[in-house]
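Here's the structure we're looking at; comments come further down.
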Amino acid sequence: MARKVFIAGNWKMNKTAAEAKALCEALKESLAPLAGKVEVAVCPTFTSLATAVEVLKGSNVKVGAQNIHWAENGAFTGEISGAMLKEIGVEYVIIGHSERRQYFGETDETVNKRMQAALANGLKPILCIGETLEEREGNKTEAVLEQQIKGAFADICECKMDQITIAYEPVWAIGTGKTATPEMAEETHAFIRKTIAALYNQEIADAMVIQYGGSMKPENAQALVAQADIDGGLIGGAALKADSFTALVTNAIA
Ligand code: PEP
């Protein structure tokens, strides 16, 4: 089954609104020739989301948030609800990034609640999963991923599965310059797809877009995305400049 390549840029805590505007303006132009050939999204900070939506309106670049709270509203200082994101035109939302699991106490349970909230508000989750170096070296990669997947997808309706993207991000490869080899990443992606097939069915697993994330750059994007089960990327560092992100997206579908 042909799955469309999907590349998303995770800007993390970078770019003021003015800087975000400039980067969106540059990407709107540089990525326009790739319209229809690839799905592209950028995920700025909350303070730049409205600006990004405004600048990218009518373009082939979509906008995503980096987090969402599960409640509709209430006493949750510092949090943002799905309705708030939806109202301003956000389409995607990154959920369960390893930095949120590591620094902000995110668990499989809260990841699941955020998934439910995103879907209930018509937002498309980009679910991040991945093992640490210690877990990989201890031969626990598959067990860790299976647990993260089962936790994240608990009570998620089969009917919503086409709204969800999985980003496999080995924690040891994020921002470190160490990329999983294409073969190593492919083996893990195939395992993730198999796990989704076991939880749901083969058809849903075959349609699921699974991105790779972890030091993906213009130089390695093509080899990674050429793998049978790697359908794109979630990009950190290389997404912060228009030229590197454009080159990466271009190479990924070359
Ligand atoms: C990320 O933060 O999701 C990521 C993959 O970062 P980097 O590309 O910088 O490794």
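The values are calculated or read from the model by the stated rules, or taken from the named source; none is laboratory data. On a predicted model such as this, the values are computed, not experimentally measured, just so you know. No Cβ is skipped: glycine too gets one built from the backbone with ideal geometry, and neighbour counts run over all protein chains shown.
Please go through region 38-49 and give me each residue that is within 12 Å of ILE253 (Cβ to Cβ) and touching a helix residue (DSSP H, G or I) at 6+ places or on another chain (Cβ under 9 Å), ordered by number.
Of the residues in region 38-49, the ones within 12 Å of ILE253 (Cβ to Cβ) are 38-40.
Within region 38-49, VAL38, VAL40 qualify.
For VAL90, are the conditions met, namely being under 28 Å from GLN148 (Cα atoms), within 18 Å of the chain's Cα centre (by Cα), in a loop (DSSP other than H, G, I, E, B) and of a type outside the set (Phe, Trp, Tyr)?
Working: under 28 Å from GLN148 (Cα atoms): yes; within 18 Å of the chain's Cα centre (by Cα): yes; in a loop (DSSP other than H, G, I, E, B): yes; of a type outside the set (Phe, Trp, Tyr): yes.
Considered against the rule, which asks whether it is under 28 Å from GLN148 (Cα atoms), within 18 Å of the chain's Cα centre (by Cα), in a loop (DSSP other than H, G, I, E, B) and of a type outside the set (Phe, Trp, Tyr), VAL90 comes out as yes.
Does any residue in region 158-183 that is touching a residue at least 24 places away in the same chain (Cβ under 8 Å) and within 26 Å of GLU203 (Cβ to Cβ) come within less than 9 Å, Cβ to Cβ, of a residue that is basic (Lys, Arg) and within 11 Å of the ligand (Cβ to nearest atom) six or more places away or on a different chain, and which pairs are these?
No pair meets every condition.
Considering only residues of region 13-40 that are under 19 Å from GLY89 (Cα atoms) and touching a residue at least 60 places away in the same chain (Cβ under 8 Å), which is surrounded by the fewest Cβ atoms within 10 Å (Cβ to Cβ)?
GLU39
When you go through ASP229, ASP162 one by one, which is the residue that is within 18 Å of the chain's Cα centre (by Cα), more than 16 Å from the ligand (Cβ to nearest atom), within 25 Å of LEU31 (Cα to Cα) and surrounded by fewer than 18 Cβ atoms within 10 Å (Cβ to Cβ)?
Numbers: ASP229 fails: surrounded by fewer than 18 Cβ atoms within 10 Å (Cβ to Cβ).
None of the other options fit; the residue is ASP162.
Have a look at GLU169, GLU219, GLU183 and point out the one that is touching a strand residue (DSSP E or B) at 6+ places or on another chain (Cβ under 7 Å), farther than 17 Å from ARG3 by Cβ and modelled with pLDDT of 95 or more. Give the derivation first.
Details: GLU219 fails: touching a strand residue (DSSP E or B) at 6+ places or on another chain (Cβ under 7 Å); GLU183 fails: touching a strand residue (DSSP E or B) at 6+ places or on another chain (Cβ under 7 Å).
It is GLU169.
Counting just the residues of region 165-188 that are small (Gly, Ala, Ser) and within 12 Å of SER215 (Cα to Cα), which one comes out nearest to the ligand (Cβ to nearest atom)? Walk me through how you get there before you give the answer.
First, pick out the residues of region 165-188 that are small (Gly, Ala, Ser): 167, 173, 175, 177, 180, 185.
This time we only want the ones that are within 12 Å of SER215 (Cα to Cα), so: 173, 175, 177, 180.
Numbers: ALA173: 6, GLY175: 4, GLY177: 8, ALA180: 11 Å.
Of everything passing the filter in region 165-188, GLY175 is nearest to the ligand (Cβ to nearest atom).
Of the residues ASN67, ASN112, which is away from the ligand (no atom under 16 Å from the Cβ), farther than 26 Å from THR250 by Cα, surrounded by 18 or more Cβ atoms within 10 Å (Cβ to Cβ) and within 17 Å of the chain's Cα centre (by Cα)? Before the answer, list the steps.
On the way: ASN67 fails: away from the ligand (no atom under 16 Å from the Cβ).
Sole residue among the options that is away from the ligand (no atom under 16 Å from the Cβ), farther than 26 Å from THR250 by Cα, surrounded by 18 or more Cβ atoms within 10 Å (Cβ to Cβ) and within 17 Å of the chain's Cα centre (by Cα): ASN112.
When the residues of region 98-109 are narrowed to those that are away from the ligand (no atom under 16 Å from the Cβ) and in a helix (DSSP H, G or I), which ends up surrounded by the most Cβ atoms within 10 Å (Cβ to Cβ)?
Residues of region 98-109 that are away from the ligand (no atom under 16 Å from the Cβ), as a first pass: 105, 107-109.
From what is left, the residues that are in a helix (DSSP H, G or I) are 108-109.
On the way: ASP108: 17, GLU109: 11.
My answer is ASP108.
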